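The values are calculated or read from the model by the stated rules, or taken from the named source; none is laboratory data. In this text, all values refer to a predicted model and were calculated from it rather than measured experimentally. Neighbour counts run over all protein chains shown; Cβ positions are idealised from the backbone, glycine included.
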Amino acid sequence: MLADRYDVPFLQSALLPRAAWRPFPPAAERETWEGLSARPLHAARRAMVLAEAEALLGEPPPALPASLYMEFARNGNRARYEGPYFARRQRLGRLALAEAFAYQGRFLDEIINGLWLIAEEATWCIPAHALRLPDDALPRQDLESVDLFACETAMVLAETRYLLHDALRAVSPALVERLDREVQRRVIIPVETRDDFWWLSGRNNWSPWCAANTLGAALYLLDDTARLAALTHTLMGVVDRFIATYGEDGGCDEGPSYWTVAAGAMLLFLEHLHSRTDGAVDIYAIPRIQAMGRYFPAAHLDGPWVLNFADAPAKLSPPRAVVYRYGERIGDAAMRNLALLGMRQWDPAGPVTPPLMFGGSGAGITHALRELFWVPADAVPTAETHATHVWLPDLQVMIARESPEACTGLAVAAKGGHNDENHNHNDVGHVVIMLDGQPAIIDIGVETYTQQTFSPRRYALWCIRAGGHNAPLVNGVEQAPGRERRATHVRYTSEGAVQRLALNLEEAYPPEAGLRALRRTVTLDAAAHTATLADAYAQRAPAPLTLTFYTPAPVAALSPGTLALALAPRRLLLRFDPAVMTAAVEPVTLEDARLRASWGDALTRITLTHPGGETGEYAVTCAPEG
């Protein structure tokens with residue numbers, strides 16, 4: 001995709017000199033920055049940023065003591081260190097942008113404090129990713145750990161330095177030189193000289209995320225064109241290997257939240273190249289690159305809700321600048337419109353809320369700058385429409401809708417795949433159902449990350465193991481992890497108003513499940529306004545099969561074989577044959593903050609049990625009431 005098309009000599013000739021490169025106007029270009037406020041949206045952004053920055057003046061920056069770092073090794077907690085770590089960088093981003101807007105030096109000392117403090121950190125690598133010696137709770141100091149957030153920190157510091165270079169240098173040339181030295185020592189030089197970082201393999205989101213931030217930092221700091229061309233070509237190879245892990249359908253097996261730092265990070269990488277070469281490096285016309293962008297709007301269900309297979313929250317705001325620019329580059333008006341709608345909380349006539357989004361983790365300034373200068377301040381969205389038929393054959397995901405209109409009718413999603421996907425859940429055959437834009441049968445998502453999340457005990461976590469999904473438990477046995485635990489004989493069909501995904505699930509289970517065959521068929525009949533899940537099985541010996549559905553809605557039994565999910569504006573009726581299945585309904589209290597952000601205080605668990613035989617079948621049908 002990249003490295004073969006653009007070799008080192010080409011890059012050396014195509015890369016603009018650093019002094020001639022203006023990805024964004026630096027703060028010293030006052031005409032541009034002061035002219036922004038002529039637009040009402042930019043005026044609101046300026047007011048928001050200045051107010052937030054003023055509130056930070058005099059507030060001590062978050063502390064990062066060694067004892068917090070050691071918690072990951074001692075008890076598995078990640079959040080207590082990561083919270084203040086990211087807060088330092090978010091704080092810096094707000095202060096830096098406020099200074100760019102005002103440019104009167106009011107925030108400069110606090111910005112310098114923040115830069116100084118981050119430069120003094122023992123490592124920029126978070127505890128969950130750091131290289132440590134055996135039985136040592138603190139990171140190695142003899143070898144730099146270059147992880148996602150070390151790379152991101154390098155970009156944040158380099159971008160702040162670029163934005164405020166003249167003002168910073170006027171106070172302290174030594175500070176500017178130290179920023180250059182620390183970014184190169186901790187990130188750029190290790191990536192140039194070592195090959196032991198696993199993300200160089202291109203395996204998942206780490207690869208474009210690290211590559212984009214490393215390249216961005218290098219573009220801001222390096223004058224040596226030969227050196228920059230060599231590093232750029234190395235990182236092109238990383239991104240090429242990442243792209244090669246995708247099928248032609250562009251589907252992201254890590255889920256839509258990780259799309260923002262997978263294909264979304266790739267977009268940032270490509271934009272670095274496009275900008276610094278004045279458009280000479282450009283692969284946006286390649287179908288796979290276009291398909292990788294279009295996955296995100298495909299995975300958007302309605303309003304804030306996304307199809308959150310894998311480690312993804314069910315509620316997600318689109319990364320505004322990335323989605324808009326991706327849509328712009330590939331000529332996809334629906335993708336641009338999605339970004340504009342997300343900015344307005346899904347109301348086409350609503351205000352942009354908040355006026356400016358600083359983005360997640362510590363990369364606040366990176367996303368805020370791009371929203372300011374990539375998304376037209378006067379761009380207005382139209383009402384959202386959806387594709388009614390989405391089939392991603394490489395990912396084996398179906399998204400079927402009753403209506404193209406937003407928040408109207410049934411939407412059904414189902415997946416095949418295997419149980420060794422990136423950020424995998426044991427969920428082959430899992431089904432999600434929406435009604436009128438509201439989640440009915442859900443994918444729970446994932447709890448706040450801890451040491452256990454990425455350990456051999458991952459599949460003991462209730463929302464990641466198969467029991468947290470709605471493929472059946474067979475004789476009490478769940479699906480198992482592994483690449484060989486997969487769907488087979490997968491077939492998607494679309495005939496008139498009926499869309500259907502049929503797939504065999506028996507290979508997803510270990511031998512002790514006693515399955516000979518398990519064929520699941522998921523059907524949306526738009527004409528009949530029904531969604532149906534049907535399983536046909538064959539077992540070595542009779543044993544019960546149990547389906548577990550989770551819903552955020554209260555559930556009431558209307559009659560034998562009919563449960564009502566209290567959605568608004570219409571209830572969803574879940575029907576089954578009471579002669580062959582029994583039902584139990586119980587609340588599930590949620591304690592985890594990440595899950596509560598999507599679902600509130602509790603979910604409802606519906607358990608349907610079929611007694612089982614050597615062969616048999618059952619079906620569950622969902623339809624709106626009335």
Filtering the range 23-36 down to residues that are in a helix (DSSP H, G or I), in contact (Cβ under 8 Å) with a residue 12 or more places away in the chain and surrounded by fewer than 17 Cβ atoms within 10 Å (Cβ to Cβ) yields Arg30
Sort out which residues of the range 383-413 are acidic (Asp, Glu) and at pLDDT below 95, and write them in order of number. Glu384
For the structure I just gave you, tell me whether Thr193 is on the phi < 0 side of the Ramachandran plot, hydroxyl-bearing (Ser, Thr, Tyr) and surrounded by 14 or more Cβ atoms within 10 Å (Cβ to Cβ). no
Which residues, counting only those in the range 272-284, are in contact (Cβ under 8 Å) with a residue 40 or more places away in the chain and either part of a loop (DSSP other than H, G, I, E, B) or outside the structural domain of Arg320 (by TED's automatic domain parsing) (or both)? Thr277, Asp278, Ala280, Val281, Ile283, Tyr284
Among (1) touching a Phe, Trp or Tyr at 6+ places or on another chain (Cβ under 8 Å); (2) farther than 11 Å from Pro381 by Cα; (3) not acidic (Asp, Glu), where does Met357 come up short? (1)
Testing Ser494 on (1) small (Gly, Ala, Ser); (2) more than 31 Å from the chain's Cα centre (by Cα); (3) assigned to a strand (DSSP E or B), one condition comes back false. Which one is that? (2)
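How about the range 539-626: which strands (runs of 3 or more DSSP E) wholly inside it have at least 2 residues that are modelled with pLDDT of 95 or more, of a type in the set (Ser, Thr, Tyr) and touching a Gly at 6+ places or on another chain (Cβ under 9 Å)?
Working: elements: 545-551, 555-559, 562-565, 572-575, 582-589, 602-610, 615-624.
The strands (runs of 3 or more DSSP E) meeting that bar are 545-551.
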Go through (1) surrounded by fewer than 20 Cβ atoms within 10 Å (Cβ to Cβ); (2) closer than 25 Å to Gly362 by Cα one by one and return the number of the condition Tyr258 breaks. (1)
Can you pull out the residues in the range 248-259 that are assigned to a loop (DSSP other than H, G, I, E, B) and either under 19 Å from Ala413 (Cα atoms) or modelled with pLDDT under 95 (or both)? Asp249, Gly250, Gly251, Cys252, Asp253, Glu254, Gly255
